[in-house]
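Read through the structure below, which is laid out as structure tokens, and then see the notes.
The values are calculated or read from the model by the stated rules, or taken from the named source; none is laboratory data. Computed from a prediction, not measured in an experiment: that's the story for all the values here. Note that each Cβ is placed from the backbone with ideal geometry, even for glycine, and that neighbours are counted across all protein chains shown.
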Amino acid sequence: MSAGACPRAFEAEAIRDGRLTGAARASFERHATSCAVCAREFETLDRVAAGVRSLPYTPADELHVRRERTRLLAAFDRELVAPEHAPAARRWAFGAAMIVAIAGALVLLNMHRHDAPARPVEASRATIHAEGAAVWSERIENDREIVRVERGTLSIHVDHTQSVRRLLVMLPDGELEDKGTTFTVRVDGAHTTRVAVEEGSVFLRLHGRAPVVIEGGDVWPHAALESPASASASAAPSLEAPATVQSPQPRTPGSTVTAPARDPSVDFQTAVAALHRRNARAAAEGFSSFLSNHAHDRRAEDAAYLRVIALQRCGDVRATREAATAYLRRYPTGFRRAEVEALAE
Amino acid sequence: MNVRRTLRHPAPPAGAAPDPDILRRLAGGEMNALGELYDRYHETVRRFLARATSNAEDVDDLVHATFLAAAKSAARYDGRTSCRPWLVGIAAQLLRRRRQSFGRFLAVLTTFRGMRATTTDPRAALQARTEVGESLARLSEAKRVALLLAEVEGLSCAEIAEALGVPIGTVWTRLHAARREIRRALEDGEAP
């Protein structure tokens with residue numbers, strides 16, 4: 001260390017690190033008041049520290065922080081709250097891998113009626129997760145896998161690398177054909193009430209209605225694309241956003257041309273920026289507006305979740321609970337379901 | 001002349017639960033307590049790890065592991081007013097274990113390949129736009145961590161030694177070497 005001409009300059013660092021205490025420290029402090037070299041040594045050490053503390057750092061964005069928080073709490077619940085189940089769960093998972101082929105053959109031949117909490121069922125290429133008291137069955141017929149849903153909600157992931165079989169989901173009021181995807185279908189009272197496609201696409205053919213193609217990120221009703229023969233699609237937004245956020249369509253006087261569509265990326269980032277600036281009210285309004293204007297955007301679930309968070313930060317308990325309930329209704333298998341459920345109570 | 005290091009970190013907002021209370025609830029298995037702890041200190045832990053490790057991809061996993069480890073050892077928390085140094089110490093321990101594990105893995109791998117082991121400290125991008133930043137990036141991870149714990153997080157050398165599992169003399173040596181490099185960078189930056 002460059003310490004000039006004073007043999008005591010090294011003691012400056014010793015004080016900083018706590019190696020010099022008591023009388024020895026007091027002695028050096030008195031010395032430093034009259035020694036330019038040692039005084040400069042203190043200043044240099046302070047500058048080093050200040051330089052390190054002022055290094056640039058880019059904080060994680062709010063969405064990432066919330067995702068990580070959710071992941072942490074899920075891991076805490078899984079690993080720490082019920083640790084006595086972990087060894088058993090690992091043994092079960094290993095055993096399940098050994099018997100899944102036998103279980104798959106039995107599943108294809110039998111009707112399933114479940115009232116207990118859902119469990120995943122491995123089919124030949126489709127992974128099916130039934131929720132609640134779902135009633136459904138599955139069979140293979142020549143080149144097709146047929147899943148019949150009588151009631152309840154199924155989440156289905158199809159692995160097209162395993163087989164060339166088509167997957168057909170028979171509904172009480174129609175059928176749904178998979179084209180290579182992950183999707184969720186819900187049936188209530190003999191009617192298909194919701195289809196949400198995470199990736200890929202599906203054909204939905206309901207009796208008396210035109211076929212509908214539902215792409216990844218879309219939710220039906222309000223699918224992005226219908227065949228030309230269909231009548232007007234249902235138009236009302238499915239999420240219970242406040243009515244005041246419906247944006248009017250501006251028109252040039254005397255013109256019939258509508259204004260250009262809003263850019264969803266700009267709207268989403270604007271709302272996120274407000275949340276990051278801790279302007280919760282503006283963020284909540286921004287996300288509500290995004291959901292009204294871009295209900296089919298792939299970030300709609302993120303926006304619905306962040307709207308809940310923003311309202312929570314506003315301290316509006318009632319609005320938070322309503323937004324959380326709306327999120328759970330629209331995204332019953334949503335990534336942040338566990339966290340939002342706590343806010344909906 | 002102020003010869004005492006005084007680092008002031010933001011205090012929890014007025015009316016917020018004290019850290020020892022949160023840790024006590026966390027020790028009792030209360031998930032909300034972990035959420036509160038995360039909300040209060042995730043930025044601190046993330047900032048330390050982002051600057052300490054040269055592998056940016058590790059930061060999320062290490063932050064995650066830090067809070068889980070804190071939850072597991074919450075019952076042994078000593079009740080200090082602020083648990084920030086304790087959390088950062090956990091993060092530093094995890095960082096050291098990860099580096100050692102990777103180093104052992106790499107040594108085994110290169111032994112089988114008949115090659116000499118290369119550095120276990122992949123120097124991916126630290127955002128170093130200043131001389132100090134560049135100099136910090138060039139430091140070994142051990143020196144960099146010691147310097148960050150001392151000068152940014154305000155841990156005493158005894159706390160750093162305990163967190164890193166090394167003798168306190170090793171901490172002094174690492175700090176001295178790290179400061180020397182940073183000083184050199186500052187002096188070079190000021191040279192006409």
Exercise. When residues of the range A:258-309 are filtered for being out of contact with any Phe, Trp or Tyr (no Cβ under 6 Å at 6 or more places or on another chain) and outside any helix (DSSP H, G or I), how many remain?
Worked result: 14
For this session: Would you please list the contacts, defined by Cβ atoms under 7 Å and residues six or more apart or on different chains, that run from a residue in the range A:61-78 that is in contact (Cβ under 8 Å) with a residue 24 or more places away in the chain and more than 10 Å from chain B (Cβ to nearest Cβ) to a residue that is of a type outside the set (Asp, Glu) and surrounded by fewer than 16 Cβ atoms within 10 Å (Cβ to Cβ)?
Result: A:61/A:276; A:62/A:276
Exercise. Out of the range B:37-84, which residues are under 17 Å from the mean Cα position of the chain (by Cα), of a type in the set (S, T, N, Q) and either within 13 Å of chain A (Cβ to nearest Cβ) or buried (at least 21 other Cβ atoms within 10 Å of the Cβ) (or both)?
Worked result: B:44, B:53, B:66
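Here is a yes/no grid of residues against (1) more than 21 Å from residue B:146 (Cα to Cα); (2) in a loop (DSSP other than H, G, I, E, B); (3) modelled with pLDDT under 85:
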site: A:1; (1), (2), (3): no, yes, yes
site: A:12; (1), (2), (3): no, no, no
site: A:19; (1), (2), (3): no, yes, no
site: A:49; (1), (2), (3): no, no, no
site: A:52; (1), (2), (3): no, no, no
Exercise. Has the range A:8-23 got any residue that is farther than 19 Å from residue B:168 by Cβ and either within 8 Å of another protein chain (Cβ to nearest Cβ) or surrounded by 14 or more Cβ atoms within 10 Å (Cβ to Cβ) (or both)?
Worked result: yes
Seminar exercise, completed: Those residues of the range B:128-174 that are within 9 Å of chain A (Cβ to nearest Cβ), surrounded by fewer than 16 Cβ atoms within 10 Å (Cβ to Cβ) and assigned to a helix (DSSP H, G or I) come to a total of 1
Seminar exercise, completed: Condition set among the basic types (Lys, Arg) and surrounded by 18 or more Cβ atoms within 10 Å (Cβ to Cβ), scope the range A:288-334, selection nearest to the chain's Cα centre (by Cα): answer is A:299
